[in-house]
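Structure record follows, encoded as structure tokens.
Quick note: the coordinates plus some simple rules give every number you see, no bench work behind them. Keep in mind the model is a prediction, meaning the values are calculated, not measured. Glycine gets a Cβ as well: all are built from the backbone with ideal geometry, and neighbour counts include every protein chain shown.
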Amino acid sequence: MKICMACGMPLNNSDDIGIENETGLFCKHCINEDKSVKGCQEIFDGGVQFFMEAVPNTDKELSERITRKNMNALAYWQGKDPSTNAQDECLKGDQASDEEFQVVLTKLASK
């Protein structure tokens with residue numbers, strides 16, 4: 001299955017793909033009008049909003065932890081040092097437990 005390098009969104013349809021570059025595929029939600037990849041904070045904020053809307057009874061704090069766990073697991077964000085790159089500050093902090101993450105993914109899959 002193809003996924004967005006920056007947010008992990010499944011790219012099931014060609015309409016979901018925003019760009020493909022040397023790094024890989026990116027969804028239409030993770031790119032700017034000029035086809036550049038959005039910054040970490042903007043993608044993080046979009047992920048938080050997505051989980052709050054898509055998964056019933058998911059508050060902002062849990063959505064932040066879910067999004068942080070998800071983004072930190074993606075190769076695109078690995079190796080980026082938040083201490084030297086301010087835009088990656090959003091990836092620091094508490095992450096969802098494996099159990100919490102699995103519960104949310106199960107709820108998404110049942111939609």
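Tell me, Kirkwood radius of the range 1-107 from alpha-carbon pair distances, in Å?
After inverting the pairwise mean of 1/r, the radius is 14.2 Å.
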**OP:** Using amide H atoms built 1.01 Å from N in the peptide plane, name the residues 5+ places from MET9, or on other chains, whose amide H lies under 5 Å from its own.
**Re:** CYS4
Original post:
Each residue of the range 95-106 in order: what ³J(HN,Hα) in whole Hz does its phi give by Karplus 6.51 cos²θ - 1.76 cosθ + 1.60, θ = phi - 60°, with x for Gly and Pro?
Top reply: 10, 5, 6, 4, 5, 4, 4, 5, 4, 5, 4, 5
Original post:
Considering only Cα-Cα distances, which of the following residue pairs are longer than 23 Å: LYS2/LYS35; LYS35/LYS69; LYS35/LYS60?
Top reply: LYS35/LYS69; LYS35/LYS60
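Counting Lys +1, Arg +1, Asp -1, Glu -1, what net charge surrounds ASN32 among other residues with beta carbon under 12 Å of its beta carbon?
0
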**OP:** Taking amide H positions as placed in the peptide plane 1.01 Å from N, state which residues far from LEU25 in sequence (5 or more) or on other chains have amide H under 5 Å from it.
**Re:** MET5
**OP:** Mind putting a number on the dipole of the range 1-75 about its Cα centre? Charges go on the C-beta only, +1 for Lys and Arg and -1 for Asp and Glu, and I need it in Debye to the nearest 20.
**Re:** 240 debye
Original post:
Sequence-distant or interchain residues sharing an amide H contact under 5 Å with ILE31, placed H: which?
Top reply: LYS38
